[in-house]
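Asker: Quick one: the structure is below, and I'll ask about it shortly.
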Amino acid sequence: MNENAIPTRSISADDCAQGRLLTLNIMRYDPQVKGDSPRMVSYQLREAPGMTLFIALNEIREQQDPSLKFDFVCRAGICGSCSMVINGRPGLACRTLTAGFSEPVITLLPLPGFELIGDLSVNTGRFMRELSERIGSWIEAAPAAETIDQLEAPMEPELAEQIYELDRCIQCSCCIAACGTRLMREDFVGAVAFIQVARFRLDPRDQRSDEEWYQIIGNDQGVFGCMSLLGCEDLCPKDLPHQTQIAFLRRKMAGAI
Amino acid sequence: MDPLQSRSHFARAMPARLDMIQSVSGLILALFMWVHLLLVASILISKDAMYWVAGVMEARFLSADGHGYPWLVALFALLILVVFMVHGLLAMRKFPANWRQWQALDSHIRRMQHGDTTLWRWQAVTGFIMFFLGSAHLIIMAMDADKIGPHLSADRFISEGLWPMYLILLLSVEIHGVTGMYRLAVKWGLFDGDDPRRTRTRLKRLKIALTLFFLALGLATFAAYVKIGLEHAPQAGQRYQPGLDQSLAPGVHSPEGKHG
Ligand code: HEM
Ligand code: SF4
Ligand code: SF4
Ligand code: FES
């Protein structure tokens, strides 16, 4: 046998699982169960290449604890379901690689400030719906055209681009959970509302004037309540330009009086 | 009908007005505090330099008897006190209003470890401290406007024992003011330019540099008054006689006796 050859031995299960041993500390609490109270539970699993928190959570649910509750749909950062507090900061589980953590210990909490469904699952849907109704996040168009086959006015590509940029919001609520103002004051609309207002305000099909927008967000529950903590700007998984948009709305709203 | 033309226009415009007044008053105070530090730091040049600055402030050059008009300084201190109160009261609306809000904010700050959020707490804490100590300082200055000078001011540090107040005020105002200016810039998008994110990174760096600069200058100035206060303690209450110190400041070489 060639002396330089690497000694061969049979491949064991241990060799396949060369990844780090990860510890996930997860808050467990089911408000539906009488007498249950929030507690932290540790789970351990082997890290695999390209593992996201979404994959890790599924593995735990499949192999260790089928009762673990968390949300996901798209596993690709598009649906906005899997937001949770990851080592203290809101983020998307499906877009967070475990390899990104230098320490193999990861703490997961449900998003604060929302109705808890159980464990890591919160009801952001109700919040988003109420918000939508509150700010009218739809196009408030001019009276309907005479005929249904009337052509829509063309839009400049640059403008369409700008609107699209703001439309990238996936309503994951990370900006809400990252906002100290909103956690203190539940009636504060939060950054996702500002992004939506900015989006419809930009849309030439929407007829609302700045005076009307002022009625909606020109108050201390709206843009004047924002304390410029910029958690939204720094933690929005879609990197939406919150700081510029909030500042812009603030200037416009201050100019609308 | 334009909705803002209705009777309650005044009430509706309030949030915007209050936010603007909070920002403008903060801006005035921050600019004033920077100028104020540069003026009191004249003691680092010499006693004569500070004597000269104090003289200019009370318009000594306009008065025939050379005593100037200290009421000008008193008036100015009262004006600043008004701006200060307006700003403080408006900004305190943002404080946590109850225990639950305080807890929510506090645990959020601890969890997130996010710079701009954490800084807000320091802004609130330093603002709250200043609300009491700063108004005390301004009222003292308004009442003792004629007793500002290299010796009398230093005596206030040591012989009147106010140095702890000055030290706390100094640290508070330097942290609060620069942070506030940074927040003004991001809040209104003042220097956003083509690349607002790069601007913000630069503003953060500028914020740290300015804080360090003003803290260093402030602490050096503080030390200078403490030193003079200690040396002058045996003659506490006696006014400074200009020209005894070797003067570097322009304009102090007026005829003998003019300064009284
Ligand atoms: C009376 C004592 C003071 C209190 C209680 C106070 C409190 C505050 C608070 C809580 C904020 C944040 C407001 C917000 O998040 O919307 C703030 C902002 C600010 N403060 Fe003060 N402050 C005081 C004095 C001062 C002084 C002496 C200066 C000048 C050095 C100053 C300069 C600023 C600036 C520039 C801002 C940013 C304004 C804004 O965001 O609209 N403040 N202050
Ligand atoms: S703005 Fe960003 S953080 Fe907020 S809901 Fe939309 S995507 Fe999520
Ligand atoms: S900048 Fe305003 S909206 Fe964004 S996190 Fe801060 S307070 Fe909330
Ligand atoms: S699962 Fe859809 S965003 Fe994470």
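The values are calculated or read from the model by the stated rules, or taken from the named source; none is laboratory data. Bear in mind that the values here come from a model prediction, so they are computed numbers and not experimental data. Here the Cβ positions follow ideal geometry from the backbone for every residue, glycine too, while neighbour counts run over all protein chains shown. We work out accessible area using only protein heavy atoms, side chains counted, and drop any ligands, DNA or RNA first. Shrake-Rupley method; radii C 1.70, N 1.55, O 1.52, S 1.80 Å.
Asker: Those residues that are of a type in the set (A, V, I, L, M, F, W, C), more than 8 Å from chain B (Cβ to nearest Cβ) and more than 9 Å from ligand 3 (Cβ to nearest atom), I need them from the range A:210-235; list them, please.
Answerer: If the condition is that a residue be of a type in the set (A, V, I, L, M, F, W, C), more than 8 Å from chain B (Cβ to nearest Cβ) and more than 9 Å from ligand 3 (Cβ to nearest atom), then A:TRP213, A:ILE216, A:ILE217 are the ones that fit.
Asker: Residues that are among the β-branched types (Val, Ile, Thr) and open to solvent by 60 Å² or more (accessible area, probe 1.4 Å): does the range B:222-243 have at least one?
Answerer: For the range B:222-243, residues among the β-branched types (Val, Ile, Thr) and open to solvent by 60 Å² or more (accessible area, probe 1.4 Å): absent.
Asker: Please work out if B:ASP146 is at pLDDT below 95, within 30 Å of B:ARG60 (Cα to Cα), of a type in the set (Asp, Glu) and open to solvent by 20 Å² or more (accessible area, probe 1.4 Å).
Answerer: Criteria met by B:ASP146.
Asker: Among the residues of the range B:74-117, count how many are within 11 Å of chain A (Cβ to nearest Cβ) and either under 17 Å from the mean Cα position of the chain (by Cα) or among the polar types (S, T, N, Q) (or both).
Answerer: 7
Asker: Which of the numbered conditions does B:PRO196 fail, given that it passes all the others? Conditions: (1) open to solvent by 40 Å² or more (accessible area, probe 1.4 Å); (2) within 10 Å of chain A (Cβ to nearest Cβ).
Answerer: Status for B:PRO196: all satisfied but (1).
Asker: Now for a separate question. Across the range A:50-83, what is the number of residues that are in a strand (DSSP E or B) and more than 10 Å from ligand 4 (Cβ to nearest atom)?
Answerer: Qualifying residue count, the range A:50-83: 0.
Asker: Does the range A:118-139 hold any residues that are surrounded by 17 or more Cβ atoms within 10 Å (Cβ to Cβ) and among the hydrophobic types (A, V, I, L, M, F, W, C), and which are they?
Answerer: Within the range A:118-139, A:LEU120, A:VAL122, A:PHE127, A:MET128, A:LEU131, A:ILE135 qualify.
Asker: Additional query: With the checklist (1) away from ligand 4 (no atom under 16 Å from the Cβ); (2) touching a strand residue (DSSP E or B) at 6+ places or on another chain (Cβ under 6 Å) in hand, flag the one item A:ALA177 doesn't pass.
Answerer: Of the numbered conditions (1) away from ligand 4 (no atom under 16 Å from the Cβ); (2) touching a strand residue (DSSP E or B) at 6+ places or on another chain (Cβ under 6 Å), the odd one out for A:ALA177 is (1).
Asker: Report yes if some residue within the range A:152-165 is more than 16 Å from ligand 4 (Cβ to nearest atom), surrounded by fewer than 21 Cβ atoms within 10 Å (Cβ to Cβ) and within 19 Å of the chain's Cα centre (by Cα); otherwise report no.
Answerer: Taking every residue of the range A:152-165 in turn, at least one turns out to be more than 16 Å from ligand 4 (Cβ to nearest atom), surrounded by fewer than 21 Cβ atoms within 10 Å (Cβ to Cβ) and within 19 Å of the chain's Cα centre (by Cα).
Asker: Quick one: in the range A:94-131, which of the residues that are in a helix (DSSP H, G or I) and in contact (Cβ under 8 Å) with a residue 60 or more places away in the chain is nearest to A:TYR43 (Cα to Cα)?
Answerer: Among those that are in a helix (DSSP H, G or I) and in contact (Cβ under 8 Å) with a residue 60 or more places away in the chain, it is A:THR98.
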